[in-house]
Structures are given as structure tokens and as C-alpha cells.
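K.L.:
Sharing a structure below in C-alpha cells format, with a few things to ask.
The values are calculated or read from the model by the stated rules, or taken from the named source; none is laboratory data. Computed from a prediction, not measured in an experiment: that's the story for all the values here. Cβ sites come from the backbone with ideal geometry, for glycine too, and all protein chains shown count toward neighbours. The protein model used for the area step is the full one, side chains on, heavy atoms only, and it has no ligands, DNA or RNA in it. Shrake-Rupley method; radii C 1.70, N 1.55, O 1.52, S 1.80 Å.
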Amino acid sequence: MHASVDNASQNSGPFVDQRPDGPGVSKIDPSDPAAPMYRLLAKMRSPVTLRDLMIHPVRTGYIGQEQPLTAADLPKSAAELYPNIGVSEVAVPSPAGRIRCQVFSPPVSNPRAGARPMMLYLHGGGFTLGQSEDTAYITSRIAAENTMVVVSANYRLAPEWPFPACLDDCLAVLQWMQKNGATLGGDGTRIAVGGDSAGGNLAAALVIKARDEGVAPPQATVLLAPITDFFFEQHESFERLAPLGIVYDTAFIGFIRGAYLVHGKNSAHPHASPARAELRNYPPTFIATGTADPLVDDNRAFAQKLRAAGVGKVEHFVREGMPHGFYFFPGIFKQGDEAFAAIAAFLKQAGTA
């Protein structure tokens with residue numbers, strides 16, 4: 001079941017993730033004394049900036065966009081697996097413009113049961129690519145297995161929109177959900193935040209950003225192999241596994257760090273590296289990682305820091321030999337099913353399901 005985008009709150013302008021005017025867009029100023037060289041480079045290579053050359057094949061090759069896949073190549077879609085989950089869209093207003101969000105809603109079996117818990121979900125993609133449609137299996141399954149309304153946000157991407165633009169978008173959606181959750185059949189006082197990979201970083205950092213800006217933080221976090229510290233080379237698992245990684249490698253994760261954070265000083269900012277934040281009063285947290293993921297030691301360290309800060313409920317779900325994203329596709333790994341079962345148990349214990 002699909003519904004059209006709700007434009008009642010903001011009726012004009014593109015969605016924020018489609019805006020072409022980000023501060024990270026390179027431009028040649030005709031008055032620049034170096035402009036003649038830049039124009040020559042523009043004739044020798046297109047696009048002129050190496051950064052744009054690097055991001056182009058990543059975006060066009062992501063999830064079969066360059067060479068479309070056939071149905072036989074793919075596992076069943078979220079719509080096939082979870083036909084009872086309603087999928088609609090809302091346009092969440094923000095200072096930067098409209099934020100397109102997909103809403104995954106389980107059927108209402110008992111009208112007297114009251115408002116359902118909610119999750120703000122943030123897709124992965126190295127801060128530079130991806131959209132809510134890519135994680136529809138994850139969000140549909142979480143909605144179905146936990147009877148919760150999942151709002152999946154399409155935030156602004158780097159390098160066009162570097163730190164902290166995407167996090168600003170996430171905070172705007174969280175605040176909107178807190179105030180307007182009832183319009184989706186959700187409870188604005190019971191919101192978990194979740195995300196995978198880069199989205200896991202945003203989910204973890206959103207707790208800190210909300211606290212720092214006087215906004216009520218989420219009641220729980222579900223982090224699927226997040227980056228929690230941008231000084232990832234400090235960890236043995238990264239140094240050992242990332243150089244020849246298949247899902248991602250040292251070159252790519254170094255590129256996304258530069259594209260997203262731009263300035264070295266941002267790497268230690270607690271809104272970028274939540275592991276470096278003050279973690280007291282952090283909400284209950286679930287982390288899932290495989291031992292074949294270069295980020296496994298980063299995730300272990302974050303879990304340990306949360307426990308040392310006195311966080312009462314911290315679960316680090318680890319599966320031997322599993323790669324980054326082992327929970328991403330249905331029917332490939334039984335460990336993925338185990339991860340979703342563990343998420344459901346965690347959310348129930350945390351009071352958000």
C-alpha cells in the first residue's frame with residue numbers, strides 16, 4: 001500500500017537530499033586568478049574535480065544502478081515479504097527545506113491498543129549515497145516484528161552537503177516525530193533511533209546532538225555496524241581487515257571521511273565521533289557486528305565505553321565470520337535472522353516495542 005507525499009507543511013522546492021546548492025559543490029569563479037588553469041583541467045578531465053570523479057562510479061554502481069539487476073538475481077523484495085506493511089511518505093519541514101521520509105506502518109489489529117512505538121531509521125551509504133528505498137527490507141521487518149511505526153529519512157549527502165548537514169536533517173525529523181507521531185499512529189514519547197553503517201553513526205550521534213541542543217533524545221538506539229569513532233585506524237580489526245575489504249575498504253572509508261568531515265578537526269567532534277562524547281545517561285543501546293567487519297573493534301570499544309559510563313542496557317551482538325551488512329538481505333545468512341530476533345528482544349526490554 002502506497003500513499004503520496006504529504007506536502008501540506010511545505011509545498012515548494014526540492015527535497016533537501018535533491019538540492020543542488022550545497023556548500024560542498026565545487027565551482028570555478030571566473031574572477032579567480034587561477035581560473036585559466038581550472039578551465040584547462042575541465043577540458044582534460046570531466047568533471048574537473050577528482051572528488052567528483054571518485055564519487056560518480058560509487059553512486060552509479062550502487063545496488064545495481066549502473067547495470068540493473070533482474071528479479072532472478074535478487075532475494076524477495078520487502079513488499080513481497082511484508083505485504084501487510086503499509087508504505088507511505090511524508091515531507092517533514094526543516095530550516096533547509098522538505099525532508100522526504102518513508103513511513104513503514106504495521107496493520108492495526110486492535111484499535112483500542114493505542115499509539116504504537118516508533119523508530120527513526122537512517123540508511124547507510126558512507127554519508128555519500130543511498131536512500132530509504134535501499135533499506136526497505138530492514139525497516140519493513142523491524143516494523144512487522146515489533147509492531148512499530150518506522151520513519152526512514154532521506155537526509156542530505158556529502159560531499160555536496162558535508163557535516164553536520166545530514167545530522168541537522170535527522171534532528172529535524174526526530175523533533176517532528178515527537179510532535180506529530182500521532183498523525184502516523186505512533187507514540188511521540190516512545191521513539192528509538194536506528195541505522196546501518198553511516199546511518200548507525202548518525203543514529204549514535206543524534207543522541208548526543210539532541211542532548212546538546214535541548215531536544216528530548218530517543219529512548220533507545222539500534223546500531224548496525226556503525227562508525228563510532230573516525231579515528232578508525234586505531235583499531236586492530238580495521239588495520240587487518242580493511243585494506244582488502246570487499247563490502248568496503250580502506251580507500252573508500254578514507255574517502256568518505258574526507259567527503260563528510262572535510263576538516264580534520266571535525267573527526268574528534270562528538271557529533272561526528274560519538275565514542276568521544278560524554279556518554280552518561282545515554283539510552284539503552286543495541287549494536288550488531290560481524291567479526292569479518294573491519295569496524296568490529298570500533299564497535300566493541302563503543303560498547304565498553306557505554307558500560308563504563310553507566311548505561312544500564314548495552315548489547316553487542318557479534319557473529320563469527322560475518323561481513324559488514326550481514327543483516328541487509330533476506331535469506332542469505334541465518335545470522336541475519338538472529339540479529340533481527342535480538343533486536344526485537346532488545347526493543348521489548350527497552351520499552352520501545
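K.L.:
Looking at (1) assigned to a loop (DSSP other than H, G, I, E, B); (2) buried (at least 18 other Cβ atoms within 10 Å of the Cβ); (3) more than 19 Å from the chain's Cα centre (by Cα), which is the one condition that is false for I246?
P.N.:
Looking at each condition in turn, I246 falls short on (2).
K.L.:
Can you list residue pairs whose Cβ atoms sit under 6 Å apart, with the first residue in region 218-233 being under 22 Å from A259 (Cα atoms) and open to solvent by 10 Å² or more (accessible area, probe 1.4 Å) and the second being among the hydrophobic types (A, V, I, L, M, F, W, C) and at pLDDT below 95? Count only pairs 6 or more apart in sequence or on different chains.
P.N.:
Once the first residue is under 22 Å from A259 (Cα atoms) and open to solvent by 10 Å² or more (accessible area, probe 1.4 Å) and sits in region 218-233, no partner that is among the hydrophobic types (A, V, I, L, M, F, W, C) and at pLDDT below 95 comes close enough.
K.L.:
Looking only at region 120-139, count every residue that is outside any loop (DSSP other than H, G, I, E, B) and either under 18 Å from Q65 (Cα atoms) or more than 9 Å from the chain's Cα centre (by Cα) (or both) and tell me the total.
P.N.:
The qualifying residues number 9.
K.L.:
F346 is checked against (1) assigned to a helix (DSSP H, G or I); (2) open to solvent by 40 Å² or more (accessible area, probe 1.4 Å); (3) within 14 Å of T221 (Cα to Cα) and fails just one. What number does that condition carry?
P.N.:
(2)
Residues are listed down the side, and each one gets a yes or a no for (1) part of a strand (DSSP E or B); (2) modelled with pLDDT of 95 or more; (3) of a type in the set (D, E, K, R):
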residue	(1), (2), (3)
P283	no, yes, no
T289	yes, yes, no
D298	no, yes, yes
K305	no, yes, yes
V311	no, yes, no
H316	yes, yes, no
G321	no, yes, no
G325	no, yes, no
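K.L.:
Taking I287 as meeting all but one of (1) surrounded by fewer than 17 Cβ atoms within 10 Å (Cβ to Cβ); (2) touching a residue at least 40 places away in the same chain (Cβ under 8 Å), write down the number of the exception.
P.N.:
So the condition that I287 fails would be (1).
K.L.:
Still on this structure: Working carefully through the options M37, M54, find the one that is free of Cβ contacts under 8 Å to residues at least 24 places away in the same chain and farther than 20 Å from Y155 by Cβ.
P.N.:
Matching residue, one of M37, M54: M37.
K.L.:
Would you be able to tell me the number of residues in region 91-108 that are touching a Ser or Thr at 6+ places or on another chain (Cβ under 8 Å) and either open to solvent by 70 Å² or more (accessible area, probe 1.4 Å) or part of a strand (DSSP E or B) (or both)?
P.N.:
The number of residues fulfilling the criteria is 9.
K.L.:
Across region 260-281, what is the total count of residues that are in contact with a Phe, Trp or Tyr (Cβ under 8 Å, 6 or more places away or on another chain) and not in a loop (DSSP other than H, G, I, E, B)?
P.N.:
7
K.L.:
A follow-up question, please. Being in a loop (DSSP other than H, G, I, E, B), within 17 Å of V173 (Cβ to Cβ) and of a type in the set (D, E, K, R) is the filter here; which residues of region 201-243 pass it?
P.N.:
The one that is in a loop (DSSP other than H, G, I, E, B), within 17 Å of V173 (Cβ to Cβ) and of a type in the set (D, E, K, R): E213.
K.L.:
With the structure loaded, tell me whether T352 is among the hydroxyl-bearing types (S, T, Y), in contact (Cβ under 8 Å) with a residue 12 or more places away in the chain, open to solvent by less than 10 Å² (accessible area, probe 1.4 Å) and in contact with a Pro (Cβ under 6 Å, 6 or more places away or on another chain) or whether it fails that test.
P.N.:
Considered against the rule, which asks whether it is among the hydroxyl-bearing types (S, T, Y), in contact (Cβ under 8 Å) with a residue 12 or more places away in the chain, open to solvent by less than 10 Å² (accessible area, probe 1.4 Å) and in contact with a Pro (Cβ under 6 Å, 6 or more places away or on another chain), T352 comes out as yes.
K.L.:
Taking region 185-206 on its own, how many of its residues are surrounded by fewer than 24 Cβ atoms within 10 Å (Cβ to Cβ) and of a type in the set (A, V, I, L, M, F, W, C)?
P.N.:
Residues meeting the conditions: 0.
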